[in-house]
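S.K.: This is the structure I want to talk about, given as C-alpha cells.
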Amino acid sequence: MGTVTGPTLPASPESVLGLTRAEADALLTELESFVPRHRPFVTVGENDLDRAIVFGDTHGDWRSAREVVARFEAGGPRAVLVGLGDYVDRVPSDCGAGSAANALFLLSVAARAPGRVFLLQGNHETARRIGVRPHDLPGEIGRLWGPGPERYERLMGLLERGPIAAATTSGAYLAHAGFPRRLRERPWTRAFERVDDRLLAEIVWAECEASQNRRGAADPWGSVDLERFLGASGLSMMLRGHDPDLAGRPLYGDRVVTLHTTRYFEQYGGVLVAELPLGPRVRSSADVTIVHLPSEGRTFPPPGRASDGRAD
C-alpha cells in the first residue's frame, strides 16, 4: 500500500482553486505520473484491507468530499476509499469552480494511496464517449487557468483511468448506475474485457426502475434483472449512485442502496457515505453502515415523503 507524496499535490480542495496556470500544469503532470490506470473491473478488499469507505455522486461538492476523505484517512492503512462516479458538474453555489477543485483533490488522494483509492467512473467522467448535460468542467477550467482544451483533455484523461465497476471480497457490487445485462461467459467478469458503448451505458447510465429518472441512454433495470445479475456473479448486494430520488432507500429486499454525497441533491436523501466491511460476507443493506455527513444541511425529506430527484 505505497503512499506517494509530491510538492505539488494539493492538501485541500481550496488550494486547487488558488493554483496559477503553471502550478495547475505541474499538478496535472505529477498526477499523470502517479494516478494508476485501472482495468475496467477491479476487486476491492485484497491484501489485508478491512473496510471500504464508499461515497456517491459528489458533483463538485468538495466540501462534502473533504469530509469523506477525512473519514478515509481516519480509518488507517487498512481502509479503502471508493467513489461511485460523478465528481464533476452540477456544482453547489458555495464551491466556486468545484468540478475542477473536487476532481483534482480526489485524484491527488488517489496519487498518494494508489492501492487504496478507487475512483469509479460515472456518466460525467465518460462524457468524451457519451455526451452529458450539464458539463460545467470545461468552462470552469477556462475561468481558472485560461482558454484552450489541453487542461480539460488531460483532466478527463486522468478521470478515465478509474474502473467502471468493482466488487468487494465481501460480496458487494459497486458501480455508478447499473451492471452488465448479458453474462454469457464464465467467469462473469469477462463481460468487462471489451467495454463497448452499450456496456458502458449499462454501467454508468442505466436507471433503476424505481427511479423517476429516464435519461434514455440505456434501458432501466428492475428486480428480475438484479436477481439474474447477482445469481450469475455470486454477489449479494449493490451500492450505486446516479438516481438522487432513491438516495438512502434500500430497495429490492435491501439488496440495493443508492448513495449521493452532494449538497446539490441533499433534499432527496441527504449527503451520505457508506462503510462496507471487507471481511465478513455482506448480505444486505443491514450489513452496511450509512452515515449522514456533517456538511449536510438536513433539508432532505423524511422517509416516505415524495420527492422529484430528476437528474442527468
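The values are calculated or read from the model by the stated rules, or taken from the named source; none is laboratory data. Just so we're clear, the structure is a prediction, and the values are computed from it rather than from any experiment. Here the Cβ positions follow ideal geometry from the backbone for every residue, glycine too, while neighbour counts run over all protein chains shown.
S.K.: Inside the range 253-289, can you point out the residues that are surrounded by fewer than 19 Cβ atoms within 10 Å (Cβ to Cβ) and either within 16 Å of the chain's Cα centre (by Cα) or not hydrophobic (A, V, I, L, M, F, W, C) (or both)? Show your work before the answer.
M.R.: Keep residues of the range 253-289 that are surrounded by fewer than 19 Cβ atoms within 10 Å (Cβ to Cβ), which gives 253-254, 267, 275, 279-281, 283-284, 286-287, 289.
Within the range 253-289, GLY253, ASP254, GLN267, GLU275, GLY279, PRO280, ARG281, ARG283, SER284, ASP287, THR289 qualify.
S.K.: Could you tell me which numbered condition SER307 fails, if it satisfies all but one of (1) more than 19 Å from ILE203 (Cβ to Cβ); (2) at pLDDT 95 or above; (3) surrounded by 15 or more Cβ atoms within 10 Å (Cβ to Cβ)?
M.R.: All conditions are met except number (2).
S.K.: Same structure again: Among the numbered criteria (1) in contact with a strand residue (DSSP E or B) (Cβ under 7 Å, 6 or more places away or on another chain); (2) at pLDDT 95 or above, which one does ASP254 miss?
M.R.: (1)
S.K.: Does GLU67 satisfy being at pLDDT 95 or above, closer than 16 Å to LEU31 by Cβ and among the acidic types (Asp, Glu)? So that I can check it myself, show each step before the final result.
M.R.: On the way: at pLDDT 95 or above: yes; closer than 16 Å to LEU31 by Cβ: no; among the acidic types (Asp, Glu): yes.
No, not satisfied.
S.K.: Shifting gears a bit: Kindly indicate which of ALA52, ALA65 is in a helix (DSSP H, G or I), touching a residue at least 40 places away in the same chain (Cβ under 8 Å) and of a type outside the set (Asp, Glu).
M.R.: ALA65
Residues checked against (1) charged (D, E, K, R); (2) modelled with pLDDT of 95 or more; (3) buried (at least 24 other Cβ atoms within 10 Å of the Cβ); (4) touching a Gly at 6+ places or on another chain (Cβ under 8 Å):
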position: ALA79; (1), (2), (3), (4): no, yes, no, no
position: GLY85; (1), (2), (3), (4): no, yes, yes, yes
position: PRO92; (1), (2), (3), (4): no, yes, no, yes
position: LEU106; (1), (2), (3), (4): no, yes, yes, yes
position: GLY115; (1), (2), (3), (4): no, no, no, yes
position: LEU119; (1), (2), (3), (4): no, yes, yes, yes
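S.K.: Can you say whether SER170 is of a type in the set (Ser, Thr, Tyr), surrounded by fewer than 19 Cβ atoms within 10 Å (Cβ to Cβ) and in contact with a Leu (Cβ under 8 Å, 6 or more places away or on another chain), as far as the supplied structure shows? Walk me through it before giving the result.
M.R.: Numbers: of a type in the set (Ser, Thr, Tyr): yes; surrounded by fewer than 19 Cβ atoms within 10 Å (Cβ to Cβ): no; in contact with a Leu (Cβ under 8 Å, 6 or more places away or on another chain): yes.
So SER170 does not fit the description; no.
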